[in-house]
Structure formats: structure tokens, C-alpha cells
Amino acid sequence: FLENVKGLRNHDKGKTLTTILNVLREDLGYYVPEPQVINAKEFGVPQNRERIFIVGFRSDLGITDFKYPEPTNKNAVLGDILEENEVSVKYYLSTTYVQTLKNHRARHESKGNGFGYEIIPKSGIANAVVCGGMGRERNLVFDDRLTNFKPITNISGEVNREGIRKMTPREWARLQGFPDNFKIIVSDAQAYKQFGNSVAVPAIQATAEKIIEKLNCK
């Protein structure tokens, strides 16, 4: 069971995926149905995360057909996974950083590009979380519940009064479908990296259940 970014389909004009499938099918003898792009948002998490799934069965198992899971139609929105209580001031952006993001987006927009920070409404769907680049800045939220604006980290400027903050590691965990009893025992920086690199658990689970179902039907 393999998972990769959606762009694998078109990498090197499709030659990379063709090579992978040929190795699995011809060299290793696996039955491999046509890979499918599955979006996490169709499996109960409010994250637009498209990934290519590739499933293979050993030839000796005699399996010659496989269907990927259908969407669960459990629609979720960002508001479903946001923290219920006030979050630490450390997650709120400084006035200087907010202005930097605004300037950055303005520069790109002036060139006809759409790249930049994004504030996701509670009724919306998050962009795919990733471990680097603009991963957190493309999933900012409005949260006006902050009562203590005294910084606890070194920031440039003051804490913004617009209620703009990044999502917490726990919120990222929820975006990936991790239960709240999953322990986050690393630093925030490591947590963002690990959850950004993770798979969306519900989509993986649904596919794994289909694999088990097929194996049990033999």
C-alpha cells in the first residue's frame, strides 16, 4: 500500500509512475489496480489533501480486482476541529509578521500570482498541511478570544489585535484525523513537521479496511 503526492501522476510526463507500476507488476508480480487519487476531505476531515494511493496484492493470493473506498460523505468544516478554549498567545502573529505577509501577497498579486497567506473561515476547508514553506501561513484562522496580549516569545512588534493566529499542533493533528488522545510529546516545531508529513488517517483507514475485506474474501 503506497501513498504519494498527487503530482506523481504527471512527474516526468507520467514516466515515473509508469516505472513504479511496471516494477510492481512485471518485476515483483503484484496485481496492482489503477492507482486512485483520494482526497482527505471526502473522509470526514476538513482538509483539502489529495494524494495518490497505490494498492498491490501478491500474485499467489489470486486477487484480480479491487475497488478503492467510496467517500464517506461525512462533511466536516474547520470549525469542527478548532480548539474549544482560548489558545496561548504564542500562536498569534505579531503585527510585524502580519504586515510582512500582507506585503508578500500584494507583491505576488501585482505579478498576477495567487500565492500568499490565507485565513480559513470556520465554515471552510483547510489547505493541505505541509511541513515547510507557507504550510502554516496558508491555514491561518481568526480567533478573537485572546485576553492576554503579553508575548511569551521573542516577536517583532506587538501581538496583532485582528485575532489572526496560526493553528495549533493539536488542530493540525485533528486535520489529519488523529484522535485527541494521541499524545504530542515533541516541540511545536517538530509536531508541525511530523503532522505535515503524515497521512490523513481516515482515508488510509478506509483503504486499509477495503484491503482487509478483499483478503478475507479469499
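What's the number of the only condition in (1) closer than 16 Å to residue 157 by Cα; (2) under 21 Å from the mean Cα position of the chain (by Cα) that residue 122 fails to meet?
If we test residue 122 against (1) closer than 16 Å to residue 157 by Cα; (2) under 21 Å from the mean Cα position of the chain (by Cα), just (1) comes out false.
State yes or no: is residue 149 farther than 20 Å from residue 92 by Cβ, aromatic (Phe, Trp, Tyr) and in contact with a helix residue (DSSP H, G or I) (Cβ under 9 Å, 6 or more places away or on another chain)?
On the way: farther than 20 Å from residue 92 by Cβ: no; aromatic (Phe, Trp, Tyr): yes; in contact with a helix residue (DSSP H, G or I) (Cβ under 9 Å, 6 or more places away or on another chain): yes.
So residue 149 fails the test.
Is it true that residue 215 is loosely packed, with under 12 Cβ neighbours inside 10 Å and within 26 Å of residue 39 (Cβ to Cβ)? Spell out how you get there, then give the answer.
Working: loosely packed, with under 12 Cβ neighbours inside 10 Å: yes; within 26 Å of residue 39 (Cβ to Cβ): yes.
Yes.
For residue 189, all conditions in the list (1) assigned to a loop (DSSP other than H, G, I, E, B); (2) small (Gly, Ala, Ser); (3) farther than 21 Å from residue 6 by Cα hold save one; what is the number of the exception?
Status for residue 189: all satisfied but (1).
Residues that are among the hydrophobic types (A, V, I, L, M, F, W, C) and farther than 30 Å from residue 217 by Cβ: does the stretch 59-77 have at least one?
Within the stretch 59-77, one or more residues are among the hydrophobic types (A, V, I, L, M, F, W, C) and farther than 30 Å from residue 217 by Cβ.
Test residue 91 against the stated conditions and say whether it is at pLDDT 95 or above, within 28 Å of residue 209 (Cβ to Cβ) and either touching a strand residue (DSSP E or B) at 6+ places or on another chain (Cβ under 6 Å) or crowded, with 17+ Cβ neighbours inside 10 Å (or both).
Numbers: at pLDDT 95 or above: yes; within 28 Å of residue 209 (Cβ to Cβ): no; either touching a strand residue (DSSP E or B) at 6+ places or on another chain (Cβ under 6 Å) or crowded, with 17+ Cβ neighbours inside 10 Å (or both): yes.
Considered against the rule, which asks whether it is at pLDDT 95 or above, within 28 Å of residue 209 (Cβ to Cβ) and either touching a strand residue (DSSP E or B) at 6+ places or on another chain (Cβ under 6 Å) or crowded, with 17+ Cβ neighbours inside 10 Å (or both), residue 91 comes out as no.
Mind listing whichever residues of the stretch 163-186 are at negative phi, open to solvent by 10 Å² or more (accessible area, probe 1.4 Å) and part of a loop (DSSP other than H, G, I, E, B)?
So the first thing to find is which residues in the stretch 163-186 are at negative phi, and the list is 164-176, 178-186.
Still in the list and also open to solvent by 10 Å² or more (accessible area, probe 1.4 Å): 166, 170, 174, 178-186.
Passing the criteria: 166, 178, 179, 180, 181, 182, 183, 184, 185, 186.
Which of the residues that make up the stretch 61-85 are open to solvent by less than 90 Å² (accessible area, probe 1.4 Å) and either out of contact with any Asp or Glu (no Cβ under 8 Å at 6 or more places or on another chain) or without any contact (Cβ under 8 Å) to a residue 60 or more places away in the chain (or both)? First the steps, then the outcome.
Applying the first criterion (open to solvent by less than 90 Å² (accessible area, probe 1.4 Å)) to the stretch 61-85 yields 61-63, 65-66, 68-69, 71-72, 76-79, 81-83.
Those that are open to solvent by less than 90 Å² (accessible area, probe 1.4 Å) and either out of contact with any Asp or Glu (no Cβ under 8 Å at 6 or more places or on another chain) or without any contact (Cβ under 8 Å) to a residue 60 or more places away in the chain (or both): 61, 62, 63, 65, 66, 68, 71, 76, 77, 78, 79.
Determine, yes or no, whether residue 112 is part of a loop (DSSP other than H, G, I, E, B) and among the small types (Gly, Ala, Ser).
Numbers: part of a loop (DSSP other than H, G, I, E, B): yes; among the small types (Gly, Ala, Ser): yes.
Answer is yes for this residue.
Name the one entry in 190, 194 that is open to solvent by 70 Å² or more (accessible area, probe 1.4 Å), without any contact (Cβ under 8 Å) to a residue 12 or more places away in the chain, closer than 21 Å to residue 87 by Cβ and of a type in the set (S, T, N, Q). First the steps, then the outcome.
Values: 194 fails: without any contact (Cβ under 8 Å) to a residue 12 or more places away in the chain.
None of the others qualify; the one that does is 190.
Kindly indicate the residue of the stretch 197-212 that is polar (S, T, N, Q) and more than 15 Å from residue 45 (Cα to Cα) and also surrounded by the fewest Cβ atoms within 10 Å (Cβ to Cβ) among those meeting that condition. Before the answer, list the steps.
Taking the stretch 197-212 first, the residues polar (S, T, N, Q) are 197-198, 205, 207.
Checking the rest, the ones that are also more than 15 Å from residue 45 (Cα to Cα) come to 197, 207.
Working: 197: 12, 207: 21.
Once the filter is applied, the top-ranked residue is 197.
Checking the condition open to solvent by less than 70 Å² (accessible area, probe 1.4 Å), over 30 Å from residue 152 (Cβ atoms), more than 18 Å from the chain's Cα centre (by Cα) and at pLDDT 95 or above, which residue from 21, 8, 28 passes?
Values: 8 fails: more than 18 Å from the chain's Cα centre (by Cα); 28 fails: open to solvent by less than 70 Å² (accessible area, probe 1.4 Å).
The conditions single out 21.
Tell me, which residue of the stretch 31-77 that is in a loop (DSSP other than H, G, I, E, B) and more than 16 Å from residue 207 (Cβ to Cβ) is farthest from the chain's Cα centre (by Cα)? Walk me through it before giving the result.
Quick first cut of the stretch 31-77, residues in a loop (DSSP other than H, G, I, E, B) only: 32-35, 44-46, 49, 55-56, 62-77.
Imposing the further condition that a residue be more than 16 Å from residue 207 (Cβ to Cβ) reduces the set to 46, 62, 64, 73, 75-77.
Numbers: 46: 9, 62: 35, 64: 32, 73: 18, 75: 16, 76: 14, 77: 14 Å.
Top of the filtered list is 62.
The values are calculated or read from the model by the stated rules, or taken from the named source; none is laboratory data. Everything quoted here is computed from the prediction, not taken from an experiment. Quick reminder, even Gly has a Cβ in these numbers, built from the backbone with ideal geometry, and neighbours come from all protein chains shown. For the accessible areas, the whole protein counts, side chains as well, though only heavy atoms, and no ligand, DNA or RNA atoms are used. Shrake-Rupley method; radii C 1.70, N 1.55, O 1.52, S 1.80 Å.
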